[in-house]
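So the structure is just underneath, and the comments pick up after that.
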Amino acid sequence: MRRVIAFATLALLAGCGPSEPQSSGGPPAIRRLTEAQYRQSIADIFGPDIKVSGRFDPDMRTDGLLAVGTGRVTVTPSGFEQYEAMARNIAGQALDEKHRDAAMPCKPASARVPDDACAAQFLGRVGRLLFRRPLLESELKAQVEVANKATQTLGNFYSGLEFGLAGLIAAPEFVFREEDPEPDPAHPGSQRLTAYSKAQRLSFLLWNTAPDDELLAAAARGELNDKAGLARQADRLIASPRLNDGVRAFFSDMLSFDAFDDLAKDSVIYPKFNINVANDAKEQTLRTITDLLITQHGDYRDLFTTRKTFLSRPLGLVYRLPVETRTGFEPHEFAEGDPHAGLLTEISFLALHSHPGRSSATLRGKAVRELLLCQIVPAPPANVNFSIVQDTNNPQFKTARDRLTAHRSNPTCAGCHKIMDPIGLGLEAFDGAGQFRDGENGAPIDASGEIDGLPFKDAASLGNALHDDPATPACLVTDIYRYASGHDPVPGEKDWMGYLQKQFAADGYRLPDLLRRIAVSDDFYRISPTPSGKPVKEATR
Amino acid sequence: MILVQTARSETPAAHYALALAAIGAGLMLPAWSTASAGTTKGFVVTAMEYATHDGGPADCPGGLAMSSKDYYLQNLPPAERERLSKGENVKELFKLLYAPGGNLGPGKRTHNQCADPTDFQGPPLPTIQGAVADGMNLDGRNESTPGDAAPNTCAHQKFTSPTGAPGIDNQFWRAMGCIRGYRPDADIVKYQNANIPGGEYTVLIELTGVDDIRNDPDVQVGIYASPDRVTVDAAQNVLPDSSLSVPDDPRYRAVAHGRIVDGVLTTDPTDVRLKYKSQGYVDTDYYIKGARLRLELKPDGTAKGMLGGYYDVETFYDGFIRQAQVVTSVLLSYTCPGVYGALNNLADAYPDAKTGKCTAISTAFRLEAIPAFIIHPTDKTKTAQDTTQGAVNR
Amino acid sequence: MSMDFGRRTLLKGMMGGGAVMVGLPLLDCFLNTNGTALAAGGRMPVRFGTWFWGCGMTPERFVPHTVGANYDIPVELKAIEPFKDQVTVLTGFQALLDGRSNFPHSSGNIAVRTGSAPDKPGEVKAPTIDVLIGDVMGTDTRFRSLEMMATGDPKHSYSMRNAAVTNPSEVSPLALYTRIFGPEFQDPNSADFKPDPRIVLRQSVLSAIKDHRDRFEAKLGSADKARLDQYFTSVRQLEQQLDLQLQKPPPAEACSIPKSPPDGTVGTDIEQATRNHKLMAELLAMALACNQTKVFNVVFSDSASSLRRTGSSTNHHQLTHEEQIDPALGYQPQATWFVEQSLAAWGQFVATLAAVKEGDGTLLDNTLVFAQSDTQFAKTHSVVGIPVMIAGKAGGRVKTGIHIAGNGDPISRIGLTVQQIMGVTVDKWGTQSMQTGKSIGELIA
């Protein structure tokens, strides 16, 4: 009896649940900073009032995420032209009379001639933050030389120092995130990321920006190689309000919010939809998400059923609801029974996945499959005749369901459409701008259907169906990992992914817990130098 | 507990019948029987212009009003008049107009005919001679003759409306209607309407306590000058369903009792003050005393009607004429002393206690409105960013 | 791509240490008195560019009925009628997909510009023809190439080395103006020239950056190495541009500095697009005349044309699929209107180049513009008979004023021929069924 109790106690002491399975880890990546990361890094290092204006080479969506594309893109000639110009501009602002005292750790002996020691102090300090690791001797020496020469030419210490600084901001070490492997003493024969590379992964995942001074210092002290030290930093980052930034960046990517840049709505059919509505719709969804997942520490699946959201006045116009707050957002809860329930009924989802002048069951169904369930839908054949589907004035086919039914009867099309249309038709009570409507062309809307065997009768119960679909949380876990690591999970990470899925469920589908689990894991920092086979696409995506 | 809805057509008998039924069912007496809560209908005004009327040649048989420039030129010897009328000499002309002793006088708001109209000579303003004009019957009489004017008014000529209704009081139109810029479809009405979608001023109308939108003897009507600008679509049309706040300053909140008969709302008189701004030219108030509203509430949710009342003459002159300065008198074609004289001569209400001279002049505005949410401030903070509380008077 | 530093230095030495511009725009003194050719027998600089419009044309209204010189002008070609003798029309060539999917508004375009059809959406297996030509021609001007597009989205550029390296387009005329004629512009015709000392300092910054290359070389796998290579190539590109700015540019007789355009809006409205296209075409013409670049890429409307009418909404692309064919007219009136507008813009572009006098001809005479769309008839996404037009005589190297019927031949024949005309040493281009060694003789002068 005592032995049983002892074992039980031991089991309890060892922590509940299974422990992290062995994993190969994935390949190291070299990832270009996204525009948002570039801007945030500059703001963190030089202050938020530094203006960054320039045209960035576009980010590239690969396998559904911009974060994965960061490992594929590079810098074009006109892109570098912009980086170099921005670097000089930022350096000029950072060392102008208003900012230089706060930025400089020292004063030059004379403001008119070189002072290598002071230049080195400044460039070393700021270089560590820019390169996200201490500068090598050679790197620092080279920049000090540039500054020295420039000071001599221009006769001004600070003007010369600007060139030294610009060289750091335009350098590939700032523009690209390097991930360096090193041998792992705890697992001989295996590799792990260096401490600075760990700091980068941690910081970009949780805050979407470069590691701050404290995190870099922890890396320098070797604390990130120690489980407790790593946990301490992870917890610090997770407890910070900046976690919101990281989560927002992730969901903006996962939900393809960059497509809002190309979004245009018919100004005659949807006169209320303008740029303010589009911007506020994105913000509404991001607030709904961070409020539920971070502030309320809620269940991810509830995102598809929640009636709690946030409204601004431009959105109030579209929702036809009064909003007291003049500029900004206020919380709003839809009443029980209101058709607005969950992410799928928010304007950001409905309007983004529609045509300029009408809704689209196919686009919305496709978006649910690809963005929320991580399922691939094949591309359409090139010679489709769309004219029946698009004719919204046909008296025979009044609703989208009618038009698409006629279309689904064609066997060539039915194969793919049957996995998209029934889902999107569940959202037809909302028009192309996300506004609720009672009917279409005078005919009532039938918003019933089924998704992977789960029936629903309207948008709210479609949300319930997504809530109950195991593919929904599974997709989030996969996407978070791909976003964090920049690659699809490799075959050697299969067990690890399975473990993450199970633990996510055990943790009540709470995102901060998932993030923490990844942040303090072994796998996240394990590097397999030659990826074992091609990335696993079918099983997890 | 069952919530009993307020009956549509209320009679005391109906109230009692329902109350008895409620008691009989063993339920508590609902609160509605003591005061009707009713619903709220909010509107934002999309167009608001003077009720002008084109009476044809009968309006201004002697021609339209002269501008200061015209008047100055008219008094010059012919050769000089012709020279200064030429385009290339316009700078010189204006220099002369602004010179001391010149018609316009030096500088802004210093001694000139618009700043100090009683100090300057000028031609009298031609006024409307026609018998037909638009507006409201404000004093309730078909006629207003010396010795037999309604209380608080001065005897004056009335108009017949374009639809034949007698007793229309619009002395403001009589005074200003022969000024080119104030005619129908001219500058002033165009600015008045354009300035709303332009975001220069916003007028809200709120009906509360509405039990029956077709017929209700007892509703409360608020007329507010909102500090918020309206939202427009790509074609500059004002959009419905926006949220607009009532002003903090109580002077810009007017409330009156009204009633709805066959879908038409009318209100009892109350003083109304609304902000009016126009593209840098004026920033003033419409100060309308004894204002009343007549609004047709259409089935599609929009409204159309008229606001009539009495302009306080000094407030009007100060805000719209003095502030707009001499340059506007040239652009719209009037002379300031003429306007000042006409407004005072034709004023028809609110006699000064000492002199007996009327100080306010009847006027009317046509207006159109669409649905909006009227937001009343709650006690909790609700200014910029991220208020966590939000309450709305629905 | 290697830089010819050796030859340049050698020739510098030859001329006694003075700054000799070899491979740079021609010095006035090398031209004969007419400014037409090198005194020793050369030519004015030849320029190359592409011009793109989305969603094709209506074959019955576009394809001339006669073949060869003096072709007739059907209604959709009206815009180029004034320049008929300077434009060659190529119809009936096809993009061969070898069983791959015809990705709407993509496969055809990629096939024309790279000679290879994509296997997956977004795939670009070979550099586009302007990149290949720019590699040869674009190395000695301030800008290797200039990209611009008229409907407001910098991502819409069809100048690509591969899918991950797309040269983004300028979309704002004002931004384009500032980039070319802003503070860093050196007027080739100005008498005094003072190289800016900051240029040398900027070069020292870039030189220090280049020193980082070895560290990356040593540790990266091949795919990542290629990406970083591109980064360092871009650094070198800027170094070259700065190099040129240190030397007095040769005079350019046709160059006159334009006025800054107004800061207007950009977008998909047809009026906005037409206006911005006109402004950017004019800036481009002057950039060419002032020898700021010799290679350009203009996109009037993106391949799934998002052009819209003012205040209206359904865009060109939607109309091509949704609008019924009018039984009386025989075509889609609304969709076709956009085709006409797009081709009108093409006519405007040609006119803009033709209006600049250069030597004893025009800028157009010294340019080859390769104009194409992504599809033939957009409603069906047909990639058979994708329309192509060549405008300009390329300094006498290309035959214009003819209609060439492709008879189903692979469209890569056009790309091959154009590259050869522009001096790329290539005898075979394209892959699979589009691999061809057969250039179009009728095009070559």
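The values are calculated or read from the model by the stated rules, or taken from the named source; none is laboratory data. Predicted, not measured: the structure shown is a model, and the values here were computed from it. Note that we place each Cβ from the backbone using ideal geometry, even for glycine, and neighbour counts take in every protein chain shown. Accessible surface is based on the protein model in full, side chains and every heavy atom, while ligands, DNA and RNA are left aside. Shrake-Rupley method; radii C 1.70, N 1.55, O 1.52, S 1.80 Å.
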**Study point:** Proximal lysines relative to B:Lys298, as straight alpha-carbon distance under 24 Å, when same-chain residues fewer than 8 apart are discounted
**Key:** A:Lys272, B:Lys41
Revision key, fill the gap. Non-local residues with an amide H under 5 Å from the amide H of C:Asn102, with H modelled 1.01 Å from N and Pro and chain starts lacking one, are A:Ala382
Practice item. Show B:Asp70, A:Asp468 ordered by accessible area, largest first, where the area counts protein heavy atoms only and the probe is 1.4 Å. Key: A:Asp468, B:Asp70
Check your understanding: In whole angstrom, how far apart do the alpha carbon centroids of region B:273-352 and region C:379-445 sit?
Key -> 73 Å
Review point. By its C-alpha gyration tensor, with a ≥ b ≥ c as the square roots of the eigenvalues, how is chain C shaped: rounded for a/c under 1.5, else prolate for a/b larger than b/c, else oblate?
Key: prolate
Study note, to complete from the structure: For region A:265-273, in residue order, the Karplus 3J(HN,Hα) values (coefficients 6.51, -1.76, 1.60; θ = phi - 60°; whole Hz; Gly and Pro = x) are 10, 4, 6, 8, 6, 10, x, 7, 8
**Study point:** Listed residues A:Val323, A:Thr194, A:Thr285: farthest to the positive end of the dipole of the protein assembly as shown (Cβ charges)
**Key:** A:Thr194
Check your understanding: Using θ = phi - 60° and the Karplus curve 6.51 cos²θ - 1.76 cosθ + 1.60, what whole-Hz ³J(HN,Hα) does each residue of region C:431-443 get, with Gly and Pro shown as x?
Key -> 10, 6, 5, 8, 6, 9, x, 9, 6, 8, x, 5, 7
Review point. Averaged over B:239-246, how many beta carbons belonging to a partner chain fall within 10 Å of each residue's beta carbon?
Key: 6
Practice item. Evaluate peptide A:507-518: per residue, the Cβ atoms of other protein chains within 10 Å of its Cβ; return the mean as an integer. Key: 0
Point to revise | region B:279-364 shape via C-alpha gyration tensor axes, a/c threshold 1.5 | key: oblate
Point to revise | Sum of -39500 (n - 2.57) over DSSP H runs of 4+, divided by residues of the protein assembly as shown (222 nm, nearest 500) | key: -10000 deg cm²/dmol
Check your understanding: How much accessible area does C:Arg308 have with a 1.4 Å probe, in Å² rounded to the nearest 10?
Key -> 40 Å²
Check your understanding: What are the ³J(HN,Hα) values, in whole Hz, obtained from phi via the Karplus relation 6.51 cos²θ - 1.76 cosθ + 1.60 with θ = phi - 60°, for each residue of region A:471-485 in sequence order, with x given for Gly and Pro?
Key -> 5, 5, x, 4, 5, 4, 4, 4, 5, 4, 5, 5, 5, 6, 9
**Study point:** Cβ charges +1 (Lys, Arg) and -1 (Asp, Glu), total dipole of the protein assembly as shown, debye
**Key:** 2220 debye
Practice item. With springs connecting C-alpha atoms under 10 Å apart, model chain C as a Gaussian network and identify which of C:Leu307, C:Leu201, C:Leu97 has the largest mean-square fluctuation. Key: C:Leu201
**Study point:** Averaged over A:27-38, number of beta-carbon atoms from partner chains that fall within 10 Å
**Key:** 2
Study note, to complete from the structure: Answer in debye to the nearest 20: the dipole magnitude of region A:33-177 about its Cα centre, from +1 Lys/Arg and -1 Asp/Glu charges placed on Cβ, is 140 debye
Study note, to complete from the structure: Once amide hydrogens are built 1.01 Å from N within the peptide plane, the residues lying 5 or more places from B:Tyr276 or on another chain with amide H under 5 Å from its amide H are B:Thr284, B:Asp285, B:Tyr286
Practice item. Run through the DSSP bridge list for chain C and note the antiparallel percent, rounded to the nearest 5. Key: 50 percent
Study note, to complete from the structure: Checked against the positive end of the charge dipole of the protein assembly as shown (+1 on Cβ of Lys and Arg, -1 on Cβ of Asp and Glu, about the Cα centre), the farthest of C:Trp346, B:Thr328, A:Asn410 is C:Trp346
Revision key, fill the gap. In region C:136-227, taking the dipole from +1 charges on Lys and Arg beta carbons and -1 charges on Asp and Glu beta carbons about the Cα centre, the listed residue (C:Ser169, C:Ala223, C:Asn189) farthest towards the positive end is C:Ala223
**Study point:** Computed magnitude of the charge dipole of chain C (debye, nearest 20; Cβ of K, R +1, Cβ of D, E -1)
**Key:** 1020 debye
**Study point:** Packing-based order for B:212-223, A:137-148, A:476-487, using average beta carbon neighbours within 10 Å, highest first
**Key:** A:476-487, A:137-148, B:212-223
Revision key, fill the gap. Too long for a 32 Å Cα-Cα cut-off, among C:Lys225/C:Lys399; C:Lys248/C:Lys438; C:Lys125/C:Lys210, are C:Lys225/C:Lys399; C:Lys248/C:Lys438
